[in-house]
Amino acid sequence: MQAVELTDAPAPVALTEANRILVVEDEDLIREMLQLSLTEEGYCVTAVADGRAALGLLLQTEPSQALPPFDLVVLDLMLPQVNGLDLCRLLRRQGNATPILILSARGSETDRVLGLEVGADDYLIKPFSTRELIARCRALLRRQKQNYLPQPTVLHYKDIYCYPQQCRVTVRGEVVNLSPKEFRLLELFMNYPRRVWSRESLLDRVWGSDFVGDSKTVDVHIRWLRQKLERDPSHPEYILTVRGFGYRFG
């Protein structure tokens with residue numbers, strides 16, 4: 001296997017006009033506003049008013065096609081024909097992994113948890129700002145694009161070797177046992193060397209946008225990682241603190 005040496009941070013993944021978004025909303029004014037706002041951002045938008053029409057579009061992928069017909073679904077919950085929750089369930093049972101952003105006036109914790117548990121990737125409560133909607137769409141699309149990037153077989157920096165496909169890490173020739181969150185943190189750091197990450201960015205990428213808890217959990221996991229990777233955790237050489245900003249690797 002050929003090791004991937006640590007180099008300067010790669011350029012961020014560019015979002016292009018090829019991103020295809022399906023908007024499913026039965027209220028005419030909201031549907032038209034969503035379609036207009038997202039189209040102005042350069043996305044290719046299809047808008048429908050009921051769940052049955054959306055399901056037909058989302059399941060039209062031919063077996064020979066590598067990519068689904070849409071890159072993101074913006075989905076209202078209260079829909080005619082097939083409601084939003086049932087649509088989520090049906091898509092996930094079919095193995096459709098298209099990111100789903102739920103829009104709903106139902107904002108209780110129970111409603112949000114239920115939406116995420118049936119397969120949604122994010123949940124936005126009505127009324128919402130257009131800026132927040134677009135920001136959430138960008139984040140979901142960015143994450144989706146990264147799933148299609150070829151992953152290196154080995155990540156290598158100094159005495160650390162990370163094998164993403166095997167979920168295995170060695171440090172100075174010894175296998176190190178990492179928890180799933182610790183492994184994902186290290187893999188993220190090694191994929192983006194020298195990039196500075198805020199706690200909020202690390203929470204979003206490793207714990208997910210639906211994480212509810214204290215951002216200091218990042219500090220705790222960083223401390224645990226240092227104890228397993230560093231020769232002297234109190235004077236780290238791999239995972240460095242950037243005061244006032246966050247952390248960087250290398």
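The values are calculated or read from the model by the stated rules, or taken from the named source; none is laboratory data. This structure is a prediction, so every number in the text was calculated from the model and none was measured. Every residue, glycine among them, receives a Cβ derived from its backbone with ideal geometry; neighbour counts consider all protein chains shown. Ligands, DNA and RNA are stripped out before the accessible areas are found, and what is left, the full protein with its side chains, is counted by its heavy atoms. Shrake-Rupley method; radii C 1.70, N 1.55, O 1.52, S 1.80 Å.
Restricting attention to the chain, close to 45% of DSSP beta bridges with both partner residues there are antiparallel.
Rounded to the nearest 20 debye, the dipole magnitude of the stretch 87-207 is 320 debye, with +1 charges on Lys and Arg beta carbons, -1 on Asp and Glu beta carbons, and the Cα centre as origin. Couplings 3J(HN,Hα) of the stretch 91-100, computed from phi: 5, 5, 5, 7, x, 7, 9, 4, x, 10 Hz, in residue order, whole Hz [Karplus 6.51 cos²θ - 1.76 cosθ + 1.60, θ = phi - 60°; x for Gly and Pro]. Largest GNM mean-square fluctuation among 29, 140, 90, using the chain with Cα springs under 10 Å: 29.
Counting protein heavy atoms only, the stretch 180-250 has 49 percent of its accessible area on carbon and sulfur, 1.4 angstrom probe. Between residue 113 and residue 153, full extension at 0.36 nm per residue minus the direct alpha carbon distance yields a gain of 10.9 nm. Using a Gaussian network model of the chain with C-alpha springs under 10 Å, which one of 86, 121, 214 is most mobile by mean-square fluctuation? In this elastic network of the chain, the residue with the biggest mean-square fluctuation among 86, 121, 214 is 214. GNM remark for the chain: springs join alpha carbons under 10 Å apart, and the peak mean-square fluctuation among 233, 127, 99 falls on 127.
Rounded to the nearest 10 square angstrom, residue 142 shows an accessible area of 100 square angstrom against a 1.4 Å probe. Counting only protein chain heavy atoms and rolling a 1.4 Å probe, the accessible areas of 40, 32 rank, largest first, as 40, 32. Mind pulling the angle between the C-alpha long axis of helix 28-40 and the longest principal axis of the chain? Nearest 10 degrees, somewhere in 0 to 90. Approximately 40 degrees, to the nearest 10.
Using 0.36 nm per residue, how much length does the chain from residue 128 to residue 181 gain when fully extended, once their Cα-Cα distance is taken away?
Stretched fully, the residue 128-residue 181 segment lengthens by 16.0 nm.
Between residue 241 and residue 196, the contour length at 0.36 nm per residue exceeds the Cα-Cα span by 15.3 nm. The dipole here belongs to the chain: it is taken about the Cα centre, uses +1 on the Cβ of Lys and Arg and -1 on the Cβ of Asp and Glu, and is about 940 debye. Backbone amide hydrogens, once placed in the peptide plane, bring residue 19 within less than 5 Å of 44, excluding anything fewer than 5 places away on its chain. Among 33, 78, 190, the order of accessible area from largest down is 78, 33, 190, computed with a 1.4 Å probe on protein heavy atoms. Solvent exposure of the chain amounts to 54 Å² per residue of accessible area, where only protein heavy atoms count and the probe is 1.4 Å. Taking the helices alone, the chain has a mean residue ellipticity at 222 nm of -10500 deg cm²/dmol, built from -39,500 (n - 2.57) per DSSP H run of at least 4 residues and averaged over all its residues.
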